[in-house]
Amino acid sequence: MASARTRKWTDFITCTQVLNIMVILGFMFNYMLRVNLTIAVVAMVEKNDTNTTPSIDGRFDWNEEQKNDILGSFFWGYILTELPGGRLAEIVGARRVFGGGMLLASLLTILTPAACYADYYAILVLRAFLGFFLGATWPAILPMAAKWVPPMERSKFIANMMASSLGAALTMPLCGYLISAVGWGSVFYVTGVIGLIWSVAWFFLIFDSPAQHPRISPEEKMEIESKIAEGAGGKSKKPSRVPWLKIFTSGPVWAIIITHGCSVFCYFTVVNQLPSYMDHVLHFNIKKNGLLSSLPYLGKYAMAIIASYLADRLRKSGRLSTTTTRKAFTTFAVLTPGFLMIIQAFFGEDPILSVVVFTASLFFNGAVTAGYLSNGLDIAPNFSGTIFGMANTLSSFGGWLSTKIVALLTKEEQTFEQWRYVFWILVGAYAIGAVVYLLLGTGEMQSWNSVAEEEVNGGAKEMQPLKKKEEKEIL
């Protein structure tokens, strides 16, 4: 009876589809836990209060430098667990790393209001620990993709990570409504509880590979494993040790790291600072702020889906090689927002134009899912978590750096003239990322990814007699 119900359930929705849904929701809620403070802080700060303690309405006397330190403290912890998180997922599995990180981060989110009222340094420490737990989650997903998703379908799966933008888009208006209706504290209680519910569902529904899933059908399991083996050319056995020297001296790896660092530096600048820019320079109220702040993230998620689908189609059809596909989409996704930031630097005082520019820049940037963001799975699927962890470590530092740069440039006054310097910095960062990837990027599998390739290259003489013997037996 139970087996019949299981067969009926797996016929209705496959385990791969469940994985996709849970990863989409996971990254949505992951960013919900991250960006809730960026909009809530606008309502939390007492702009004209000279007291050093919270006022009656729950506002705090944090100056611009203190406010940006709170936003930046997230990256103190985030940067520490990127590389360990990716490597840990390769060893113990993404199920534990991603799910555990989300569970603990959700609990800390619920405790955020209490930390704010306790002490300024308490919220700094709490946000650092929040970053510590969420930092391990992102690189953990790529090792899972290597076991669940065939090579020619991985761009679409990686696009699920851009559901983070969808999460930000939904969080902005939700937080705006909660703040105006209930107060800023409700933002952290609601998002924290949502994260807890997802975490419980993740551990019940998701497993690290088809072979470990207790409810997968034999047909689905065989299809996934055969396609992955075929895509790897039968040479996918993982080395027992990480080839650190080869990774650190690999041009394609550094293409991913540098381009990712530049792109995410620009993205974090927008994510963390757009609500403040709209409040201080464009003068939107808190509810309008939340709605308009969400538009760029909706655009980014839409492009991520479109570009990933198109990239996989082009690769499957043979019209473009993997290398050409990754370079074309990366250049488009990184260089186009750079040109748009030039427009913003000149005409950013116009509220309507600013919304259009930010929305369009993040929309085009969503194509990174078909570019460098999927590239680690192309060149070294066995170490994709490690590579992404390295890339996200640099980008995490960039996220912290962006808060310091904005604080330095706007600490005296929040004017468009001061923000113009920020936009020119973004132009330069986008341009550097595009050029580096064009020069160093590739879609070819690297020899150090698998033991089998190294054995073929280094032990051809030993394998030759075996091949001849087999040929004689056939004759």
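The values are calculated or read from the model by the stated rules, or taken from the named source; none is laboratory data. Because the structure is a prediction, the values reported are computed rather than measured. Note that we place each Cβ from the backbone using ideal geometry, even for glycine, and neighbour counts take in every protein chain shown. The area values use the complete protein model at the heavy-atom level, side chains included, leaving out ligands, DNA and RNA. Shrake-Rupley method; radii C 1.70, N 1.55, O 1.52, S 1.80 Å.
Taking a ≥ b ≥ c as the square roots of the eigenvalues of the alpha carbon gyration tensor, region 64-223 is prolate, as a/c is not under 1.5 and a/b beats b/c. Roughly how many Å² of ILE257 are accessible to a 1.4 Å probe, to the nearest 10? Here the residue's solvent-accessible area equals roughly 10 Å².
Residues whose amide H lies under 5 Å from that of VAL45, counting only those 5 or more places away or on a different chain, are PHE60; hydrogens are built 1.01 Å from N in the peptide plane.
Work the Kirkwood hydrodynamic radius out for region 117-173: mean of 1/r over every pair of different alpha-carbon atoms, inverted, in Å.
Numbers: mean 1/r = 0.0719 Å⁻¹.
Result for region 117-173 stands at 13.9 Å.
Lysine pairs in region 241-446 whose alpha-carbon atoms fall under 27 angstrom of each other, counting only those eight or more residues apart or on distinct chains, come to 11.
If a spin label sat at a point 7 angstrom from the Cα of VAL182 along the line to its beta carbon, the backbone N atoms of region 94-134 nearer than 17 Å would be those of 106-115.
Once the C-beta distance of ILE21 and TYR189 is scaled by a Förster radius of 25 Å, the resulting FRET efficiency is 0.50 to the nearest 0.05. Spin-label model, GLU223 to PHE12: label points 7 Å out along the Cα-to-beta-carbon direction sit 1.9 nm apart.
Packing-based ranking of 384-392, 419-427, 242-250 yields 384-392, 419-427, 242-250, ordered from highest to lowest mean Cβ neighbour count within 10 Å. Here each label is just a point 7 Å from Cα along the line to Cβ, and for GLN212 and TYR120 those points are 4.5 nm apart. Among the protein heavy atoms of region 241-446, carbon and sulfur supply 70% of the accessible surface, probe 1.4 Å, non-protein parts ignored. Solvent exposure of the chain amounts to 42 Å² per residue of accessible area, where only protein heavy atoms count and the probe is 1.4 Å. Scalar couplings 3J(HN,Hα) for region 73-89, obtained by applying the Karplus form with A = 6.51, B = -1.76, C = 1.60 to θ = phi - 60°, are 5, 3, 6, 4, x, 4, 6, 6, 10, 5, 5, x, x, x, 5, 5, 5 Hz; x denotes Gly and Pro.
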